[in-house]
Amino acid sequence: MGLWIECFRSVSRRKLIMDIIVYTIMISISIVVLIPLFWMISTALKSNADIYAWPPEWIPKPAHWENFVNAWKAMPFNTYLLNSLFIVALGVIAEVLSETVVAYGFARYDFPGKNLIFILLLSTMMLPAHVTLIPTYIIWNKLGLLGEFDPLVLRAWTAWGPFYIFLMRQFFMGVPKELDDAADIDGAPLSQKFLKIMLPQIRPIIVAISIFAFRGYFNEFQGPLIYLSDKQKYTMTLGMYFFMGGVNEPPKWNYLMVIALIITMPSLILYFSAQKYFIEGITFAGIKG
């Protein structure tokens, strides 16, 4: 009996030591990763002169909370925010719907060349985006849609995210086919079966992809820079870019960090509010199917 107790204590002691080591490493990595965020917040609350002080101060004394108001009023960021949210809303809805339909087709239907088409679809992930930049620009120019939001939104209806399609397909393949058979026996139409039976089963991956898509559309810089020319249609990222100043006037880094922090916050809030579904979607996407 004493031997078993001693073994148990030895195992518990080793487990405790390993837990301490693992948590120490994780905390250390987290601190390193969060340093840029802490510095961004610190810079946003400093005066422009305090930014260049040496040694640098992590905690501003005093904190200039008026920087948030001054930076926001320096340019029409209210308009830029509405433009960004408009693009995000339309883009995320279109992308999730189109990619869900495509993934459902690959997971549930058999048709000639399905595997080959799916492989070709996945192979497009290896194609650099810059290769299609000029042809895509020419297409939108021929359609007369340059300077509009359409090039930033309509592309989402083409299910242009092969990686997201792959994740959804994995989830659909993990849903028992008996649910489809039961729906068919009850005479449920395809639309009802898809919306009321299949989509609730893949809710975690839909939430995860929605977060990815939100971050992609809200933080996109290249697309708005190429297709938008009217300043009233600028997005938050474009506004921040032109907010940096020119050659004769150096940028006000404290104001710039304020806008960068504001742009960062929606993605962080969305992630933490849907963290459960996000982690579940990413975790199970790789093992289902």
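The numbers here are math on the coordinates, done by the rules we state, and not lab data. As the structure is a prediction and not an experimental result, all values here were calculated from the model. Using ideal geometry, Cβ is built from the backbone for each residue, glycine included, and neighbour counts are taken over all protein chains shown.
Would you mind counting up the charge near Gly216? Only other residues with Cβ under 14 Å from its Cβ, with Lys and Arg at +1 and Asp and Glu at -1.
My count for the surroundings of Gly216 gives -1.
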Residue by residue through the stretch 221-229, which ³J(HN,Hα) values in whole Hz follow from phi under the Karplus form 6.51 cos²θ - 1.76 cosθ + 1.60 (θ = phi - 60°), with glycine and proline marked x? 10, 5, x, x, 5, 7, 9, 9, 10
List Trp160, Trp253 from most exposed to least, where exposure is judged by having the fewest other Cβ atoms within 10 Å. Trp160, Trp253
Under 20 Å from a point placed 7 Å out from the Cα of Leu127 along the Cα-to-Cβ direction: which residues of the stretch 102-120 have their backbone N that close? 102-103, 106, 113-120
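Under a Cβ-Cβ cut-off of 14 Å, what is the net charge of the residues other than Ile185 that fall near it, where Lys and Arg count +1 and Asp and Glu count -1?
Details: positive: Lys177, Lys193; negative: Glu178, Asp180, Asp181, Asp184, Asp186.
My count for the surroundings of Ile185 gives -3.
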Using Cα positions and a limit of under 30 Å, work out the lysines in reach of Lys15, with same-chain residues fewer than 8 apart set aside. Lys276
FRET efficiency estimate (nearest 0.05) - Cβ-Cβ, Ala49 to Leu82, R0 51 angstrom: 0.90
Only sites in a loop by DSSP and with at most 16 other Cβ atoms within 10 Å count here; which trypsin sites (Lys or Arg not before Pro) in the stretch 150-247 make the cut? Lys177
Taking the stretch 34-84 and dividing mean pair separation by its residue count, relative contact order in percent (alpha carbons under 8 Å, at least six apart): 34 percent
Go through the stretch 144-157 residue by residue and turn each phi into a ³J(HN,Hα) via Karplus (6.51, -1.76, 1.60, θ = phi - 60°); whole Hz please, and just put x for glycine and proline. x, 10, 5, x, 10, 6, 4, x, 8, 10, 4, 4, 5, 6
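Name the shape class, rounded, prolate or oblate, that the alpha-carbon gyration tensor gives for the chain, where a ≥ b ≥ c are the square roots of its eigenvalues, rounded holds for a/c under 1.5, and otherwise prolate holds if a/b is larger than b/c and oblate otherwise. Before the final figure, lay out the partial values.
Details: a/c = 2.45, a/b = 1.12, b/c = 2.20.
It is oblate, given that a/c is not under 1.5 and a/b is not larger than b/c.
Pairs of Cα atoms under 8 Å, at least six residues apart: use those to get the relative contact order of the chain, whole percent.
30 percent
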Check: C-alpha center the stretch 148-191 vs C-alpha center the stretch 89-133, spacing in Å is 10 Å
Could you derive backbone 3J(HN,Hα) for the stretch 20-37 from the dihedral phi with the Karplus parameters 6.51, -1.76 and 1.60 (θ = phi - 60°), listing whole Hz in sequence and x where the residue is Gly or Pro? 4, 5, 4, 5, 5, 5, 5, 5, 4, 5, 4, 5, 4, 5, 7, 4, x, 5
